[in-house]
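Here's the structure, in structure tokens; my notes come after.
The values are calculated or read from the model by the stated rules, or taken from the named source; none is laboratory data. Quick caveat: nothing in here was measured; it's all calculated off a predicted structure. Here Cβ is always computed from backbone atoms with ideal geometry, including for glycine, and neighbour counts include all displayed protein chains.
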Amino acid sequence: MRKKKVSGGSTLRKPLVKWGWFFLGPVLLAFSIGFVWPFIQGIYLSFCEFRLISDTTFVGFENYIEVFKDGSFLHSFWYTALFAITSLVIINVLSFMVAYALTQGIKGSNLFRTVFFMPNLIGGIVLGYIWSMIFDGILSKWDTSILLESKWGFWGLIILLCWQQIGYMMIIYIAGLQSVSEDMLEAARIDGASQGQTLFNVIIPNVMPSITICTFLSLTNGFKLFDQNLALTAGQPYIIQEGGTVIKTTEMLALNIYNTFYGQSASAQGVAQAKAVVFFILVAGLGLMQLAFTRKREVQQ
Amino acid sequence: MKRALSLILTLVLCLGLFAGCGGTEKGSVYWLNFKPESDEVLQEVAKMYKEETGVEVKVVTAASGTYNQTLLAEMDKKNAPTLFVIGNQNAVKDWKDYALNLKDTAIAKELNTDAYNLYDEDGNLVSIGYCYECYGIIVNPKLIEEAGFKMDDIKNFEGLKKVAESIHSRAAELGFDAFSASDMDDSSSWRFTGHMANLEYYYESKDAGGWKACPESIEGTYMENFKNLYDLCINNSTVAPNTLATGGHDAQNEFKTGKAAFYVNGSWEYSAVSETVKDATMIPYYCGVEGEEKAGLNCGTENCWAINSKASEADQKATMDFMVWCVTNEKASRKLVDTFGVMPYKNAAESTNGFLAAASKYTADGCYVMDWATNYQPNVDEYRKALVAALNTYNSDQTAANWEKVETAFVDGWAVQYKAANK
């Protein structure tokens with residue numbers, strides 16, 4: 001920490017107060033236009049029926065009632081929740097293992113790190129398309145396709161997301177692992193702690209901040225997943241129900257919102273907007289809960 | 001260093017604020033085009049017009065499959081499109097309040113047929129066809145002859161079935177197969193869920209005296225006929241039916257290189273296909289309906305111009321002038337006809353498209369045109385997606401139970417989507 005000179009506090013503070021708004025202004029303005037205003041407008045629109053956002057009719061809570069009557073939304077909610085939790089566990093366990101292995105001083109660690117990180121640089125749509133070809137190439141041996149069975153759609157998306165995100169989380173874990181102080185590890189060694197004991201009682205509590213970040217990222221990523229979902233299965237296979245309604249078995253929340261917004265009539269746009277607001281509350285709520293939960297387990301050095 | 005960095009970040013944030021502020025000009029045209037494949041030519045035409053009259057014509061093309069999204073976003077802006085596309089009854093419902101009534105306007109007077117225009121329920125002429133297309137089964141006559149048949153053998157479903165099955169059974173020996181791949185991915189599935197499905201809608205609407213508006217529900221009377229042709233198509237093809245779901249085959253290329261004798265598609269394929277298959281022609285969807293020897297091709301359009309009624313009067317007039325120029329100016333209409341195939345206007349250039357020529361020959365021979373009843377599909381994207389999902393299941397395992405699912409998506413799905421679209 002740099003120490004500031006605090007002589008003559010009032011002479012320093014005055015111009016700061018005066019100029020503060022001048023310097024904050026542009027950023028504040030940009031933030032308001034780019035985030036705050038669209039956010040408020042989005043919430044307002046969820047109470048409206050509209051085709052163009054400049055031409056709306058207020059309908060009250062009608063859209064929200066529709067949302068909870070919509071079976072496809074509830075289906076995609078549970079499906080997304082299952083997906084997010086599964087991917088959270090698998091991604092974090094695997095990326096921690098990889099990070100742990102790559103901080104043991106193996107030869108070529110840097111090369112491995114680079115290679116593991118690279119999938120993260122490919123866009124979701126391209127990834128989804130490529131993986132759909134790979135999966136189908138394999139599944140066709142058993143006369144099926146990723147678009148024909150929901151379980152393959154589910155695990156396919158898990159594999160895809162793992163492949164894409166493990167490298168990213170690995171980088172965060174590596175940074176965390178490297179900051180565990182050598183003194184502490186040495187002390188543990190001298191005290192005769194086994195490798196397992198060192199890992200669980202010394203290392204993991206000390207990388208808790210990384211775990212907090214990584215679980216937060218993978219949880220919200222899992223919930224917000226859109227392009228990979230669209231490109232890999234786009235919700236297929238559908239269950240065609242008696243009477244012609246369908247359940248898109250592998251449709252996640254974000255895709256469900258998108259399909260509601262663009263796939264149906266103007267009256268559904270307000271419903272989609274309401275879904276988006278519910279979606280926001282869900283993701284924000286879960287994220288905060290998870291943060292509070294893992295924060296408690298962080299230790300200060 | 002840190003300060004410089006935050007300054008840069010601040011500047012970047014602020015830049016975003018000023019982007020997108022542009023000027024407006026008096027009486028200009030802004031055409032929101034929905035066919036990426038015609039973008040290049042439209043840009044040329046716009047430039048020609050600017051050179052000739054000095055009026056600015058801006059052509060923006062929405063990326064493939066995103067026309068609706070783009071239109072929604074663009075119409076919300078201050079410089080909204082003055083000329084846009086309202087291509088089917090669904091779109092008429094959504095956009096009629098933004099469309100100028102074109103009845104008896106200068107452009108309407110140039111038309112040589114009313115067949116491709118769209119009206120709303122109050123009888124306003126909402127949009128006006130600027131070209132039409134046809135679809136059916138593209139055939140390579142040379143391969144048919146190589147297989148020992150004549151084109152005249154195919155006059156109904158029986159004939160088509162005989163030829164296709166015979167070719168498929170001898171594919172190894174002949175070196176080519178009957179149908180090219182019928183992939184079910186987004187780039188290809190519309191050939192079946194949008195086009196081939198039309199045979200069911202068309203015959204059903206014909207029985208009902210022709211649909212004037214989207215019916216609340218359909219009967220599925222001709223599902224058996226759809227199944228006839230669809231089965232023939234997937235089971236006598238270059239690829240096995242259970243490999244169609246994710247696609248990845250190149251049907252056009254299979255046809256162009258002589259690996260397949262039949263190719264389900266439309267008139268827009270003519271320029272590509274005729275590069276190698278010079279005498280390619282098109283036959284109707286023969287599907288086992290009585291009297292189908294008199295069937296013609298499926299003709300219709302989704303290319304319908306609408307003028308933005310919320311645009312300024314000067315812009316509206318400039319747009320109208322531009323449209324009239326497009327269909328009367330010799331050089332411009334030549335260019336446009338060469339890309340669009342044909343334009344139904346009195347003074348437009350003649351068509352050079354072989355498939356459209358086949359379409360008019362059928363009409364001249366007294367065959368009935370199969371209208372695009374398909375344009376009535378309610379919530380078209382969602383409806384077709386469900387149909388694709390059901391067909392995928394059927395393709396991999398052709399049981400009666402799986403076909404029943406296809407029927408449910410096809411027939412009951414219509415009513416479901418109609419309800420969703422008309423809430």
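Name every residue in the stretch A:15-35 that is away from every other protein chain (no Cβ under 12 Å) and either in contact with a helix residue (DSSP H, G or I) (Cβ under 9 Å, 6 or more places away or on another chain) or of a type in the set (Phe, Trp, Tyr) (or both), in order of residue number. A:19, A:21, listed by residue number. You will find that of A:229, A:259, A:221, the residue that is of a type in the set (S, T, N, Q), free of Cβ contacts under 8 Å to residues at least 40 places away in the same chain and either surrounded by fewer than 18 Cβ atoms within 10 Å (Cβ to Cβ) or under 30 Å from residue A:126 (Cβ atoms) (or both) is A:259 and no other.
For residue A:266, the stated conditions do not hold, so it cannot be described as assigned by TED's automatic domain parsing to the domain that holds residue A:77, within 30 Å of residue A:163 (Cα to Cα) and surrounded by fewer than 19 Cβ atoms within 10 Å (Cβ to Cβ).
Among the numbered conditions (1) at pLDDT below 90; (2) out of contact with any Gly (no Cβ under 7 Å at 6 or more places or on another chain), the only one that residue B:322 does not meet is (1). In the set (1) modelled with pLDDT of 85 or more; (2) closer than 20 Å to residue B:309 by Cα, residue B:26 fails one condition alone, (1). Summed over the stretch B:381-416, the residues that are at pLDDT below 90 and under 21 Å from the mean Cα position of the chain (by Cα) give a count of 2. Residue count for the stretch A:262-281 satisfying the condition of being without any contact (Cβ under 8 Å) to a residue 60 or more places away in the chain and away from every other protein chain (no Cβ under 11 Å): 4. If the requirement is being over 30 Å from residue B:82 (Cα atoms) and among the basic types (Lys, Arg), which of these qualifies: B:419, B:317, B:331, B:346? Every option except B:419 fails the conditions.
Which of the residues that make up the stretch A:224-241 are under 16 Å from residue B:185 (Cβ atoms) and at the interface with another protein chain (Cβ under 9 Å from one of its Cβ atoms)? Across the stretch A:224-241, the qualifying residues are A:234, A:235, A:236, A:237, A:238.
Summed over the stretch B:366-400, residues that are outside any helix (DSSP H, G or I), within 14 Å of chain A (Cβ to nearest Cβ), surrounded by fewer than 23 Cβ atoms within 10 Å (Cβ to Cβ) and not hydroxyl-bearing (Ser, Thr, Tyr) total 2. For the stretch A:282-289, check the following and say yes or no: at least one residue is touching a residue at least 12 places away in the same chain (Cβ under 8 Å), within 14 Å of chain B (Cβ to nearest Cβ) and of a type in the set (Gly, Ala, Ser). No, every residue in the stretch A:282-289 fails to be touching a residue at least 12 places away in the same chain (Cβ under 8 Å), within 14 Å of chain B (Cβ to nearest Cβ) and of a type in the set (Gly, Ala, Ser). Does the stretch B:401-423 hold any residues that are among the acidic types (Asp, Glu), within 19 Å of residue B:194 (Cβ to Cβ) and either out of contact with any Gly (no Cβ under 7 Å at 6 or more places or on another chain) or more than 8 Å from chain A (Cβ to nearest Cβ) (or both), and which are they? Residue satisfying the conditions is B:407 alone.
Inspect the stretch B:109-122 for any residue being over 30 Å from residue A:230 (Cα atoms), basic (Lys, Arg) and touching a residue at least 24 places away in the same chain (Cβ under 8 Å) and give the result as yes or no. Within the stretch B:109-122, not a single residue is over 30 Å from residue A:230 (Cα atoms), basic (Lys, Arg) and touching a residue at least 24 places away in the same chain (Cβ under 8 Å).
So that you can scan it fast, the table gives a plain yes or no per residue for (1) at pLDDT 95 or above; (2) more than 26 Å from the chain's Cα centre (by Cα); (3) buried (at least 21 other Cβ atoms within 10 Å of the Cβ); (4) closer than 23 Å to residue B:356 by Cα:
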{"position": "B:146", "(1), (2), (3), (4)": "no, yes, no, no"}
{"position": "B:151", "(1), (2), (3), (4)": "no, yes, no, yes"}
{"position": "B:181", "(1), (2), (3), (4)": "no, no, yes, no"}
{"position": "B:186", "(1), (2), (3), (4)": "no, no, no, no"}
{"position": "B:209", "(1), (2), (3), (4)": "no, no, no, no"}
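Just so you know, in the stretch B:122-144 the residues that are assigned to a helix (DSSP H, G or I) and touching a Gly at 6+ places or on another chain (Cβ under 9 Å) include one that is surrounded by the fewest Cβ atoms within 10 Å (Cβ to Cβ), and it is B:142.
One residue stands out among those in the stretch B:60-101 that are part of a helix (DSSP H, G or I) and acidic (Asp, Glu): the one that is surrounded by the fewest Cβ atoms within 10 Å (Cβ to Cβ), which is B:97.
Go through the stretch A:247-256 and count every residue that is in contact with a Gly (Cβ under 8 Å, 6 or more places away or on another chain) and surrounded by fewer than 24 Cβ atoms within 10 Å (Cβ to Cβ). Residues that pass the stated criteria total 3.
Of the numbered criteria (1) modelled with pLDDT under 85; (2) within 14 Å of chain A (Cβ to nearest Cβ), the one residue B:114 fails is (2). Scanning the stretch B:345-365 for residues that are surrounded by fewer than 24 Cβ atoms within 10 Å (Cβ to Cβ) and in a helix (DSSP H, G or I) turns up B:354, B:357, B:358, B:360, B:361, B:362, B:363, B:364.
Please tell me if residue A:216 is out of contact with any Ser or Thr (no Cβ under 7 Å at 6 or more places or on another chain), in contact (Cβ under 8 Å) with a residue 12 or more places away in the chain and outside any loop (DSSP other than H, G, I, E, B). Yes.
Within the stretch B:52-79, residues that are at positive phi reach no partner that is modelled with pLDDT under 90 and not in a helix (DSSP H, G or I) with beta carbons closer than 7 Å at six or more positions or on different chains. Residue A:217 meets all of the listed conditions (1) within 14 Å of another protein chain (Cβ to nearest Cβ); (2) within 30 Å of residue A:136 (Cα to Cα) but one, namely (1). If you go through the stretch A:232-241 and keep only what is of a type outside the set (S, T, N, Q) and either buried (at least 19 other Cβ atoms within 10 Å of the Cβ) or in a loop (DSSP other than H, G, I, E, B) (or both), you end up with A:232, A:234, A:235, A:237, A:238, A:240.
The set of residues in the stretch A:118-139 that are surrounded by 15 or more Cβ atoms within 10 Å (Cβ to Cβ), within 20 Å of residue A:168 (Cβ to Cβ) and not small (Gly, Ala, Ser) comprises A:119, A:120, A:127, A:131. Residue by residue through the stretch A:14-69, note down the ones that are exposed (fewer than 13 other Cβ atoms within 10 Å of the Cβ) and in a loop (DSSP other than H, G, I, E, B). Those that are exposed (fewer than 13 other Cβ atoms within 10 Å of the Cβ) and in a loop (DSSP other than H, G, I, E, B): A:54, A:60, A:61. Looking at B:171, B:261, B:240, B:245, just one residue is under 22 Å from residue B:297 (Cβ atoms) and not aromatic (Phe, Trp, Tyr), and that residue is B:261. Here residue B:246 meets the list (1) within 14 Å of another protein chain (Cβ to nearest Cβ); (2) among the hydroxyl-bearing types (Ser, Thr, Tyr); (3) closer than 20 Å to residue B:171 by Cβ almost entirely, failing just condition (3). Summed over the stretch A:123-148, the residues that are in contact (Cβ under 8 Å) with a residue 12 or more places away in the chain and either in contact with a Cys (Cβ under 9 Å, 6 or more places away or on another chain) or facing another protein chain (nearest Cβ under 10 Å) (or both) give a count of 7.
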